[in-house]
């Protein structure tokens, strides 16, 4: 073959190879772009529904609970509202990050001047004698959520272990139709009492005593009137969370 023909054939081969490489690269880029275009809306919707929506709904529920009404307690400016129940339910059904986000959003709305607090109050409630009970929503919700999550998992492991031992000793199936729900309910009940009753009321009373210069003992005795109602709220929140937890953990 003449050298000129060889060089021309060689150049055509190189050009064809470069063209194939460029086409493959463009196809790869188009595939990646297409996958990103398809996945992005799905990820965005999932993030909104799973992350932002529960936070916004919980903050709105706290606002609604404050707007429904309140019951005054003699000896303390802190009224009885349904906000504690809303906080308990959120804490035992959501993870602690979403609970913290919901409470932070709720307090921020009041700080911005929206009438989200009891009695239609806004910013003034965050600097008044009852502000400690509002600020206590954040640690109370987080602690309750963490205690409920860990406690319910421990309760399920304990129930499974007990059921396995019972099945081995009696030859039964080991199904604990009542033992597991009872343990999970007790775990959530203890979490609500420790976090949303004792911790929240403790912080609220301490801040109230510091801002009003009233002795701690009479304030604590006045706040004790909240405990019976709070225990009922804790039992209600635990009863709502128990079947949800059993469905997730099993």
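Odds and ends about this structure:
- In the stretch 163-171, the condition of being at pLDDT 90 or above, out of contact with any helix residue (DSSP H, G or I) (no Cβ under 9 Å at 6 or more places or on another chain) and surrounded by fewer than 21 Cβ atoms within 10 Å (Cβ to Cβ) is met by no residue.
- Residues of the stretch 214-224 that are surrounded by fewer than 15 Cβ atoms within 10 Å (Cβ to Cβ) and outside any loop (DSSP other than H, G, I, E, B): 216, 217, 218, 221, 224.
- Checking every residue in the stretch 52-69 against the condition of being in contact with a strand residue (DSSP E or B) (Cβ under 7 Å, 6 or more places away or on another chain), part of a helix (DSSP H, G or I) and either at pLDDT 80 or above or within 25 Å of residue 222 (Cα to Cα) (or both) gives zero matches.
- Single unsatisfied condition, residue 128 versus (1) within 27 Å of residue 111 (Cβ to Cβ); (2) in a helix (DSSP H, G or I); (3) at pLDDT below 95: (2)
- Test: residue in the stretch 71-93 that is surrounded by fewer than 19 Cβ atoms within 10 Å (Cβ to Cβ), at pLDDT 55 or above and part of a helix (DSSP H, G or I): no
- Residue match in the stretch 119-138 (condition: within 15 Å of residue 58 (Cβ to Cβ), touching a residue at least 40 places away in the same chain (Cβ under 8 Å) and surrounded by fewer than 21 Cβ atoms within 10 Å (Cβ to Cβ)): no
The values are calculated or read from the model by the stated rules, or taken from the named source; none is laboratory data. Because the structure is a prediction, the values reported are computed rather than measured. Heads up, the Cβs are rebuilt from the backbone with ideal geometry, glycines too, and the neighbour counts pull from every protein chain shown.
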